[in-house]
Amino acid sequence: MKSLDTTIAAIATPKGIGGIGIIRISGPLCIAVANDIFRKKDLKAPSLLTPRKLYNGYIIDNEESVMDEVLLAYMKGPNSYTAEDVIEIQAHAGFYTLKSILELVFSKGVVSAQPGEFTKRAFLNGRIDLTQAEAVIDMINAKTKRSLKVALSQIKGKISLDVTNLRGKIEKILTQFEAVLDFPEDVGDIIDTEKLIETIEKEIKKQLQSLLDNYENGHILRDGVKLAIVGVPNVGKSSLMNRLLNKERSIVTHIPGTTRDVIEEPLNLNGVPVVVSDTAGIHETSDPVEKIGIERTEDAIDSSDIVLFLVDGTTSYSKKDKHIAERVRDKKTVLVVNKSDLATKESYDVTGFVKDLPSVHISAKQGDGLSLLKDLINDLVISDLTESDDSAIPNIRHKEAIEKAISSLELVVDGLLSELPFEMVSMDLRDAHGFLGEILGITERVDILDNIFSDFCIGK
Ligand SMILES: Nc1nc2c(ncn2[C@@H]2O[C@H](COP(=O)(O)OP(=O)(O)OP(=O)(O)O)[C@@H](O)[C@H]2O)c(=O)[nH]1
Ligand SMILES: [Mg+2]
């Protein structure tokens, strides 16, 4: 990444034809570039631009010919997205127009922005911390209202606040340790080991643990519930998939073994993002293609949050069903008895076979029982989601750092209990402090930053 004294630019809107497209420029050259390439309606260079005022005028090329009529806005640093001087040009969104204007901007000593570089600058300039930068990606990627809420609370700094508080508590203890190192003879006055352990356990570790619990719930809002439809061939898995999606996504035929690969599609279920997988029917086969398909079904089961275990209600339970029932024993599973529009077997004994599973009779073909099924899915996953809008929900990166911090704190407690020298205990405490710092971006580790910002699109 370039140093912050460069000026960067990029097209901030998606590729393609649209009403308007925006070119964003950030850095010290902004005003100079505007004076070079922009003319107000009276064809004068703007010389001075009032911040946050929208100027109507023209972009002119190096020969002073008009390239486009645009609106231009100037946001003076530090009151801008990047905390630097920013110019945004709203041009006509033909790709050629935007590209030509961008090239003109580049000819003025401005360089191309890397993915996420605008947001990275906001972070490096101290306007937002790393969790807020990440929340920008989450907002862009949010697929439902509830996921958006999680991202919004993160942008507002909820998780940073919690983590900053906990770091503060650790800092206080570190100060005590340092005092002990300076005045070893006063150790008894400075540190009350029992109380210290209680603070670490009850005030710090417990809160970190509850953040981890929030992760378990919250990652579903962020990443989606993974739902796998599983069963022997021909029970109607693909029909159910299509019914849930309200479109003919999977091929349905009367021939067993129609679906040979896992088919994944996103779905919005009562505001919670769900990723549904239709899978290949599980059965013994020597067909090499089917074999691979069934391996993929196994993977889909392993990575799913919920399994819809589908059986054909017009037939009796078979050994093959039993095999699947055992395979999904450890998963949150709904037993779905399909084809209720046909005469189902009276002897169909759901409870005798898979006792504790919630079950529902449906017709994937006609849609009966679908809303009941959706309710069951909701009960299984969604009801244990954190309802409150303002709880901090860590992402996977935060979660890993929190886990490391908890382990370090456990070492601290062990060290205190076994009366290790304070120098050593203090090292583990410093580690815990460092791991929490990584969440906020207070770190020397360049790889963390690069990983995060490489997920962004150019122009953000
Ligand atoms: N009557 C009735 N037929 C159904 C129902 N659901 C599926 N079928 C039929 O059952 C047959 C198999 O349906 P699919 O959805 O392809 O079944 P599948 O489980 O995906 O099958 P494979 O991909 O081969 O494993 C088709 O002929 C469907 O029309 C239902 O609710 N009622
Ligand atoms: Mg199928």
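The values are calculated or read from the model by the stated rules, or taken from the named source; none is laboratory data. Bear in mind the structure is a predicted one, so any value in this text is a computation, not a measurement. Quick reminder, even Gly has a Cβ in these numbers, built from the backbone with ideal geometry, and neighbours come from all protein chains shown. Side chains are part of the model used for accessible areas, which takes the heavy atoms of the whole protein and leaves out ligands, DNA and RNA. Shrake-Rupley method; radii C 1.70, N 1.55, O 1.52, S 1.80 Å.
Observations on the structure shown:
- For region 312-324, the tally of residues that are within 16 Å of ligand 2 (Cβ to nearest atom), open to solvent by less than 10 Å² (accessible area, probe 1.4 Å) and outside any helix (DSSP H, G or I) stands at 0.
For (1) open to solvent by 30 Å² or more (accessible area, probe 1.4 Å); (2) part of a helix (DSSP H, G or I), each residue gets a yes or a no:
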residue	(1), (2)
PRO266	yes, no
VAL276	no, no
GLU284	yes, no
ILE294	no, yes
SER304	no, no
LEU310	no, no
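- Unique match (being in a strand (DSSP E or B), within 34 Å of the chain's Cα centre (by Cα) and over 22 Å from ARG121 (Cβ atoms)) among ALA9, ALA91: ALA91
- Tallying residues that are open to solvent by less than 50 Å² (accessible area, probe 1.4 Å) and not in a loop (DSSP other than H, G, I, E, B) within region 12-49 yields 14.
- Number of residues in region 393-450 that are assigned to a loop (DSSP other than H, G, I, E, B), open to solvent by less than 40 Å² (accessible area, probe 1.4 Å) and either at pLDDT 95 or above or of a type in the set (A, V, I, L, M, F, W, C) (or both) equals 1.
- Of all residues in region 1-34, those satisfying the criterion of being modelled with pLDDT of 95 or more and in contact with a Pro (Cβ under 8 Å, 6 or more places away or on another chain) are THR7, ALA34.
- Subset of region 152-201 (residues that are outside any helix (DSSP H, G or I) and open to solvent by 60 Å² or more (accessible area, probe 1.4 Å)): LYS156, PHE183, ASP192
- Subset tally (residues that are among the hydrophobic types (A, V, I, L, M, F, W, C), open to solvent by less than 20 Å² (accessible area, probe 1.4 Å) and within 12 Å of ligand 2 (Cβ to nearest atom)) for region 238-264: 2
- THR315 vs. criteria at pLDDT below 90, of a type in the set (S, T, N, Q) and within 16 Å of ligand 1 (Cβ to nearest atom): yes
- Options VAL225, VAL235: the member that is away from ligand 1 (no atom under 16 Å from the Cβ), open to solvent by less than 70 Å² (accessible area, probe 1.4 Å) and not polar (S, T, N, Q): VAL225
- Given (1) surrounded by 23 or more Cβ atoms within 10 Å (Cβ to Cβ); (2) touching a residue at least 60 places away in the same chain (Cβ under 8 Å), index of the condition LYS149 fails: (1)
- Among the candidates LEU310, LEU267, residue that is within 15 Å of ligand 1 (Cβ to nearest atom) and in contact with a strand residue (DSSP E or B) (Cβ under 7 Å, 6 or more places away or on another chain): LEU310
- Boolean, LYS145 is over 25 Å from the mean Cα position of the chain (by Cα) and not hydroxyl-bearing (Ser, Thr, Tyr): no
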